[in-house]
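Participant: Would you mind keeping the following structure in view while I ask a few things?
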Amino acid sequence: MTSHSRETPQFFLTAPSPCPYLPGQEERKVFTHLVGRRAGELNDILTHGGFRRSQTIAYRPACETCRACVSVRVPVDGFEPSRSFKRILKANADLVGTVGVNQATSDQYSLFRRYLDSRHADGGMIDMTVLDYAMMVEDSHIETRVVEYRRRGPDTFINGRGAGPLIAVCLTDVLADGLSMVYSFYDPDMADRSLGSFVILDHIARARQMGLPYVYLGYWVEGSRKMAYKARFMPQERLLSQGWVRVEE
C-alpha cells in the first residue's frame, strides 16, 4: 500500500453534471485539496494553470467535448479605464473599501441572501445557509481577505473606513503575482451603480498599489450572458492552449 503526503497534491475527476453556463452541455471538473504548509504555493501554481479556489478545493473544468471556459486575468499596468468605466468610478466615488480578515458576519450574510434571491434565484448557491456562507469565507489555508464597501462617513478621512449599511463585498485571495477575486456580491437595489464592475475596477487599483501585476477574474465563457461582463476589461490575458495570450479588444 502506498501512502501519500498531505504536501503532495492528488487530483480527482467529478462525474458529469449539467453545465450552469451553456444549455445542453455537461461539465466535469478536475480538483485537488489545498491544505498544509504549501497550500499558498500550490494555489499560485494552479491558478497560473487555470484553476480556481473554493474553500480548500482548487478546481478547473475538464469537460470532454467543450473548452468554452477560459481563465481571464487583467494586466494591471496596461489597463486604462474606458469612458464607461470612468463613469462607474465617478458614480461610486462615495464608496470606500475596507480590507479585513476572512471572517463572516451577519451583515455580510444578509446582503449575500438578498443578492442571491434577486440575481441568482435559480443558481446552485441559493440554498446556502449561514453556516455554508461562513465556510465559504473562512475555510481557507491561504492568504484570503474580505473587502467590504460602504459609503464614506465623517471619520473616513481619519480611519479609512466607510460608514452605514454594507453595499458590496468581495472575497479575495492574495497571490504572489496578483489578486484573485473568488466571489463578490452587492446590493441588488443599486443596479444603477454597476457595483460588480466597480469592485473589479477597485481591485485593479488595489493590485497596482500593492505592486502586483494581475487581477484574476475567473472564467469567461463566450456565449454566456452571466460571464459577458468580463470581456469588457481590456486589455486582458486569456489562458488558451498555447498559454496566456494577451487580448486587446
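Participant: Out of curiosity, is Pro75 open to solvent by less than 50 Å² (accessible area, probe 1.4 Å), at pLDDT 95 or above and within 16 Å of the chain's Cα centre (by Cα)?
Facilitator: When the stated conditions are applied, Pro75 passes them.
Participant: I'm checking my understanding of the structure. Among residues of the range 109-128 that are assigned to a loop (DSSP other than H, G, I, E, B) and surrounded by 12 or more Cβ atoms within 10 Å (Cβ to Cβ), which one is modelled with the lowest pLDDT?
Facilitator: Per the stated criteria, the residue is Gly123.
Participant: How many residues does the range 143-187 contain that are more than 24 Å from Gly50 (Cβ to Cβ), hydroxyl-bearing (Ser, Thr, Tyr) and open to solvent by 20 Å² or more (accessible area, probe 1.4 Å)?
Facilitator: Within the range 143-187, residues that are more than 24 Å from Gly50 (Cβ to Cβ), hydroxyl-bearing (Ser, Thr, Tyr) and open to solvent by 20 Å² or more (accessible area, probe 1.4 Å) number 1.
Participant: Follow-up. So which residues in the range 203-229 are in a helix (DSSP H, G or I), modelled with pLDDT of 95 or more and crowded, with 17+ Cβ neighbours inside 10 Å?
Facilitator: Correct list: His203, Ile204, Arg206, Ala207.
Participant: Considering only residues that are buried (at least 16 other Cβ atoms within 10 Å of the Cβ), more than 13 Å from the chain's Cα centre (by Cα) and of a type outside the set (A, V, I, L, M), which ones fall in the range 190-201?
Facilitator: Once the filter is applied, which keeps residues that are buried (at least 16 other Cβ atoms within 10 Å of the Cβ), more than 13 Å from the chain's Cα centre (by Cα) and of a type outside the set (A, V, I, L, M), the range 190-201 yields Arg193, Ser194, Phe198.
Participant: Would it be correct to say that Ser140 is open to solvent by 20 Å² or more (accessible area, probe 1.4 Å), of a type in the set (Ser, Thr, Tyr) and closer than 21 Å to His33 by Cβ?
Facilitator: yes
Participant: Pairs needed: first member in the range 56-82, farther than 19 Å from Phe12 by Cα and in contact (Cβ under 8 Å) with a residue 60 or more places away in the chain; second member anywhere, open to solvent by 20 Å² or more (accessible area, probe 1.4 Å) and among the β-branched types (Val, Ile, Thr); C-beta distance under 9 Å; at least 6 residues apart or different chains.
Facilitator: The qualifying pairs are Val72/Val247.
Participant: Just give me the residues in the range 28-42 being in contact with a strand residue (DSSP E or B) (Cβ under 6 Å, 6 or more places away or on another chain) and either acidic (Asp, Glu) or touching a residue at least 40 places away in the same chain (Cβ under 8 Å) (or both), in sequence order.
Facilitator: Within the range 28-42, just Leu34 meets the criteria.
The values are calculated or read from the model by the stated rules, or taken from the named source; none is laboratory data. Only a predicted model underlies this, so the values are computations on that prediction, with no experimental measurement involved. All Cβ positions, even for glycine, are placed from backbone atoms using ideal geometry, and neighbour counts span all protein chains on display. Accessible surface is based on the protein model in full, side chains and every heavy atom, while ligands, DNA and RNA are left aside. Shrake-Rupley method; radii C 1.70, N 1.55, O 1.52, S 1.80 Å.
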